[in-house]
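Input: a single structure, listed below in structure tokens.
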Amino acid sequence: MSRDTATKIAHQARSVTVAVIISRVLGLVREQVLAMLLGAGREMDAFVVAYRIPNLLRDLFAEGALGMAFTKVFSATREREAPEAAFRAASEVITVFGCLILSIVVLGEILAPVLVHLLAPAFRHFPGKFTLTVHLTRIMWPFLWFISLSALAAGMLNALGIFFWPALSSALFNLTSVLLGGGLYLFFGHLGWPGVMGFALGVLCGGLVQLSFNLPFLLRRGFRFRPRLNHRSPAVRETLKLMGPSVLGLSAVQLNIFINTYFATSCGEGAVSWLAYAFRLMYVPLGLFGVGLSLALLPEASRRAARGDYETLRRTFSSSLLVGLGLSVPSAVGLATLAEPIVRLIFEHGRFRPEDTLHTAQALRIFALGLPFYSVTKVSVPIFYALGNTAIPAGASFLSVGVNLITILLTLSYLNFKAVALGTALALIFQACFLGGILELRIKDLFPGRFWVGLLKIILSAGTMGILALALQKNLPVLPLILLCALLFLGLIRILGPEEALYFWKRLRP
């Protein structure tokens, strides 16, 4: 039973993973275009900060508290009542939160200079940089409304058992932003305007395309949106109740981002860009396990918890965690050992210089330390949600803020921008250990001996792969070397186990 459930989750996660990998690859293409045209200087720094401002709330309303809370409410309503009741609840939630987020967008347009000053006050020291960042922020800010509604639509589709298409919608966002943004960059440059404004408009239109793509799939399943401004409806109240502690927790995540951006902007021209490029590279393996496992695990875990089937929930958690670690551990080892050749291959073109490659690779190696622990968090948080406990993940997030801030303050004078990467990595490590420890106290035998043996085998196989990468990185081009290392890791896992580490690579039946 537990193996079938874990296999089902892995299969669903794999369908999400295929779509997310497409999105991540297109995201890398977008970053390549940005690196080639903007490099790692004034315009790119301004674009990163301006894009980050709506993203602070995007994580809150899209991939974060609202999306996960609404998925649970919609799934539970369908389980207890008729589909029509779930669709009616969805209309109520979409209306109430759509109006709320629209109000935030209007307020953000007015307060854009204040927001930029709070996040990047050091930009005032560079002529024109602060003003440019304000303009870019105002262009991209409405993106928050489109992407938040898209997250609600994706949550409904996930609850209906549709994972691939909503995950693919983010790929269309990246495709739109890079094609339209690149075209407008050239057009605006011809007119004598800042070309980076074209990329900002590309982001805005990409959000609209992502939302529009999800709607036909809901229509086919019978959903018809009817405005219902009822903030007292059970669905809205339950969503708010689940969101409350999560908003606090995700506010801590956004506080971490604020801290990182604030200190990075004080580390000189290009520091914000180096960290952004490095994190974009780490974002590719994050898509391998983080989004897919989290989205696939939440509805299944919610159903098991609603039925009181904690034995299956327990075994499913440990198996799902091995699936994530089987992807994240070798990814971290690969990024750490091959950081410089990977950055050089992807970004060192046009205005992106060799010194930019060096600095970006340094940040990437440090970020990679937290990658396996991120997978632990992404598997642990849906379990807390399924159990109706969102306060503990919130508390873990706030504690991780302290770890991040203390690390940066203690190391900034020695490590410069690398202190920001180190603070992020250590915060991820702490958060994962805290959540895993609390879950073990709440659900006994959550980490059985079989899990630890499987983890040891994953580490041994990834370590062997890393030794090969170090030995051959000067003799082989980076792409064939990555393929060879991946084949070695999968071969060792096939021999040693655990079988969960191969779930993504097997031909699975639903």
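Cα extents for the range 359-510 along the principal axes, largest to smallest and rounded to whole angstrom: 47, 47, 27. Working note: Cα atoms of the chain, range along each principal axis, descending, whole Å: 61, 59, 41. Taking other C-beta atoms within 10 angstrom as a stand-in for reagent exposure, L157, L26 fall in the order L26, L157, fewest first. With a Förster radius of 25 Å, plug the Cβ-Cβ distance of E109 and S212 into 1/(1 + (r/R0)^6) and report the FRET value to the nearest 0.05. With a Förster radius of 25 Å, E is 0.65. Taking every alpha-carbon pair under 8 Å whose residues sit at least 6 apart, the range 389-459 reaches a relative contact order of 30 percent. On a per residue basis, the convex hull of the C-alpha atoms belonging to the range 137-269 measures out at 158 Å³. When shorter helices are ignored and each DSSP H run of at least 4 residues is given -39500 (n - 2.57), the per-residue value for the chain at 222 nm works out to -28000 deg cm²/dmol.
Counting other beta carbons within 10 Å of each Cβ, put Y51, Y262 in order, fewest first. Numbers along the way, then the final one.
Values: Y51 20, Y262 16.
Ascending Cβ contact count within 10 Å gives the list Y262, Y51.
Taking 0.36 nm per residue of sequence separation and removing the Cα-Cα distance, the W165/H117 pair yields an extension gain of 13.4 nm.
In the chain, Cα pairs under 8 Å separated by at least six residues give a relative contact order of 22 percent. The length gained by stretching the chain between H125 and L456 to full extension, at 0.36 nm per residue less their Cα-Cα distance, is 114.1 nm. Separation of the alpha carbons by more than 29 angstrom is noted, of K72/K457; K72/K418; K418/K457; K418/K474, for K72/K457; K72/K418; K418/K457.
How high is the relative contact order of the range 20-157, given as a whole-number percent (alpha carbon pairs under 8 Å, six or more residues apart)? It would help to have the intermediate numbers written out before the result.
Values: 102 pairs, mean separation 58.2, N = 138.
Relative CO of the range 20-157 lands at 42 percent.
Simple spin-label estimate for L100 and R353 gives 4.7 nm between the two label positions (7 Å along the Cα-to-Cβ direction from each Cα).
Rounded to the nearest 20 Debye, what is the dipole magnitude of the chain about its Cα centre when Lys and Arg each give +1 and Asp and Glu each give -1 at the C-beta? Before the final figure, lay out each step's value.
On the way: 44 positive and 24 negative charges, 206 e Å.
So the magnitude is around 980 debye.
Label-to-label distance for S413 and R221 is 5.6 nm, based on points extended 7 Å past Cα in the beta-carbon direction.
Kindly state, to the nearest 0.05, the FRET efficiency for L472 paired with L496, given R0 = 35 Å and r defined as their beta-carbon distance.
Working: r = 22 Å, r/R0 = 0.62.
With R0 = 35 Å, the Cβ-Cβ based efficiency is 0.95.
Shown is the FRET efficiency for L191 and N230, computed with R0 = 60 Å from the Cβ-Cβ distance and rounded to the nearest 0.05: 0.80. Residues whose amide H falls under 5 Å from that of R228, counting only those 5 or more places apart or on a different chain, are T95, with hydrogens built in the peptide plane.
We did not get these values from a lab; they are worked out from the coordinates using the rules stated. Here the structure is a predicted model, which means the values were calculated and not measured. Using ideal geometry, Cβ is built from the backbone for each residue, glycine included, and neighbour counts are taken over all protein chains shown.
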